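Below: the structure, in structure tokens.
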Amino acid sequence: MAIAISQEAFDAMVRENMEDLGMDADEALADAVEALTLQGADLSGIIKRVPGEAAAAEVSPVVRVLDELKASHSASGGSGQDLDGLVSLIDELRGLCCSGGGSENAAIAVRNGGVEALVALCGSARVAQERLLVSALKALSSVLRDVGSTEKFRQSEGPKIVMDILRGGSESSDLLYAGFSVVAAGSAGNEVVKESFMGLKVDELILHVMREKSKTNVQSLYDAIRVLLTPDDNRVVASQVYGYSRRFAEIGMAEVLVSALREQVAPSSLPSACAALKSIAVNDEICRSISENGGIDVLLQCIDEAGQQKNKVIARSCCSLLSKLAASDANKSAIIQRGGFDRLLKLTSRFSEDPSIIQEVMSMVTVLTLRSPENAARAMEVGYGTLAIQALQRFPSSGQTQKQACLMIRNLAVRNPENRTILLNDGAEKLIRKAKVMHGGCKDAASSALRDLGLDNYSA
């Protein structure tokens, strides 16, 4: 764990280097940074400055804006009367935290009370002050970047304040976008914040917004679902998000998301919507219910359209979700019955030079052919054996594509001796051995593919 250090302690160390060790200013500053870094100190948000230089030069733009923002908010008694002035300062802060040095500026803002100031401003503003709230929420989402900042957000009662704003301002798309951006940013990597939002019934609010208000093109809403249902807090051994996913499914979120994909989601939001639905599909029952509500038909249609429009982002997102749904044996049959093999192969022909799309399709076919000799035979008939060989030939430098080709070859060959002969005659052995040598991460998959092709020296 990083050692905490204050700005005052850092400044004192630089000053000691100059006064006691006779270093010049630049050398003293560099030495302090290096020494503290080696000691494991957390220097995020520390202003790397030389104490005693011109006062104006010592003041960080972020600190200046924060000081002015706090003073303005305090002078108005928390009422936000100087609306234009507050919004201007908040937007300036956000600009600093989203610029080229945004990460360091955000850390400086967090260290100097930025999270608490923005949460307090949101808590005191009225929903009718939409412009002020939208600006403050956007700035807040720009500074919530790590556990330290999200913990300050939680300790300042940020989740409750944001939920109150979202409940009161659900008619405004701008307010919803900004508010759910904070839900996503505040929950990222922090299990306790996720728990806070779930305790405040954020799942029911999201369902209400989508079902009653038809705000289905608020992309941050989908991002919030995905983040809430992602186990990304390294401090936690057993995450609760699996239970949250089931809770989202139980209240009907999967059906609403499928309906949104079918009718209302803008192309720019579609990848986020797919990721949200994927995060809910955590067991066989939920995967089947998504299919029963038309999810597979919708995704195959989206894949067809993405191929026609050469939109690889949408194609990749839809394939990834379809792979998750295919984990259910009932859904495997549904995908194949709807021409999934042919439609996916057509997609690869439209993105023949893009290994990321080829990789997603091979991943899907690997799932569809798992423990199913019938599906493996059908896949070979359609042309997936040829696709695997071509992927190994065309993308030798893409370790992940090489690995996925090996995994697909395994499933095509392991229960189908007739497929082994075809693949070996097409040169699979030489290509797999080459991938095994070139990519360390491909070694196990390559060895397994060689074994399932019937070769004795598969581990060589």
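For Leu205, state whether it is open to solvent by less than 50 Å² (accessible area, probe 1.4 Å), within 21 Å of the chain's Cα centre (by Cα) and of a type in the set (A, V, I, L, M). No; evaluated as a whole, the condition is false for this residue. Selection of segment 199-219 for residues being assigned to a helix (DSSP H, G or I), at pLDDT 95 or above and not hydrophobic (A, V, I, L, M, F, W, C) yields Gly199, Asp203, Glu204. Which one of these is open to solvent by less than 50 Å² (accessible area, probe 1.4 Å), touching a Cys at 6+ places or on another chain (Cβ under 6 Å) and either more than 27 Å from Asn105 (Cα to Cα) or not in a loop (DSSP other than H, G, I, E, B) (or both): Ser142, Ser196? Testing whether each residue is open to solvent by less than 50 Å² (accessible area, probe 1.4 Å), touching a Cys at 6+ places or on another chain (Cβ under 6 Å) and either more than 27 Å from Asn105 (Cα to Cα) or not in a loop (DSSP other than H, G, I, E, B) (or both) leaves just Ser142. Can you pull out every residue in segment 315-342 that is among the hydroxyl-bearing types (Ser, Thr, Tyr), open to solvent by 10 Å² or more (accessible area, probe 1.4 Å) and more than 22 Å from the chain's Cα centre (by Cα)? Passing the criteria: only Ser333.
Residue by residue, here is whether (1) open to solvent by 10 Å² or more (accessible area, probe 1.4 Å); (2) outside the structural domain of Ala185 (by the TED database) holds:
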residue: Arg235; (1), (2): yes, no
residue: Gly243; (1), (2): yes, no
residue: Val282; (1), (2): yes, yes
residue: Cys287; (1), (2): no, yes
residue: Ile290; (1), (2): no, yes
residue: Cys302; (1), (2): yes, yes
residue: Val313; (1), (2): yes, yes
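Taking the criterion of being part of a helix (DSSP H, G or I) and either more than 23 Å from Gly307 (Cβ to Cβ) or open to solvent by 20 Å² or more (accessible area, probe 1.4 Å) (or both), the residues of segment 245-257 that qualify are Ser245, Arg246, Arg247, Phe248, Ala249, Glu250, Met253, Ala254, Glu255, Val256. Pairs are defined by a Cβ separation below 7 Å, a sequence spacing of at least 6 or placement on different chains, a first member in segment 423-435 that is hydrophobic (A, V, I, L, M, F, W, C), and a second member that is outside any loop (DSSP other than H, G, I, E, B) and open to solvent by 30 Å² or more (accessible area, probe 1.4 Å); the pairs so defined are Leu431/Gln393. Looking at segment 415-436, which of the residues that are part of a helix (DSSP H, G or I) and among the polar types (S, T, N, Q) is surrounded by the most Cβ atoms within 10 Å (Cβ to Cβ)? Ranking the candidates gives Asn419 first. For segment 397-414, the criterion of being over 23 Å from Ile357 (Cβ atoms), buried (at least 22 other Cβ atoms within 10 Å of the Cβ) and without any contact (Cβ under 8 Å) to a residue 60 or more places away in the chain is met by at least one residue. Looking at segment 170-193, which of its residues are modelled with pLDDT under 95 and either surrounded by 22 or more Cβ atoms within 10 Å (Cβ to Cβ) or among the aliphatic types (A, V, I, L, M) (or both)? Answer for segment 170-193, where residues must be modelled with pLDDT under 95 and either surrounded by 22 or more Cβ atoms within 10 Å (Cβ to Cβ) or among the aliphatic types (A, V, I, L, M) (or both): Leu175, Leu176. Selection over segment 437-459 of residues that are under 23 Å from Arg415 (Cβ atoms), without any contact (Cβ under 8 Å) to a residue 12 or more places away in the chain and part of a helix (DSSP H, G or I) gives a count of 2. Screening Leu66 with (1) within 26 Å of Ser173 (Cβ to Cβ); (2) in contact with a Leu (Cβ under 9 Å, 6 or more places away or on another chain); (3) at pLDDT 90 or above; (4) not hydroxyl-bearing (Ser, Thr, Tyr) gives one miss only, at (1). Could you tell me which residue of segment 38-63 is farthest from the chain's Cα centre (by Cα), considering only residues that are surrounded by fewer than 12 Cβ atoms within 10 Å (Cβ to Cβ), at pLDDT below 80 and not in a loop (DSSP other than H, G, I, E, B)? Among those that are surrounded by fewer than 12 Cβ atoms within 10 Å (Cβ to Cβ), at pLDDT below 80 and not in a loop (DSSP other than H, G, I, E, B), it is Ala55.
The values are calculated or read from the model by the stated rules, or taken from the named source; none is laboratory data. Computed from a predicted model, the values in this text were never measured in an experiment. When we count neighbours, we look across all protein chains shown, and the Cβ atoms used for this are built from the backbone with ideal geometry, even at glycine. These accessible areas exclude ligands, DNA and RNA; they are computed on the full protein's heavy atoms, side chains included. Shrake-Rupley method; radii C 1.70, N 1.55, O 1.52, S 1.80 Å.
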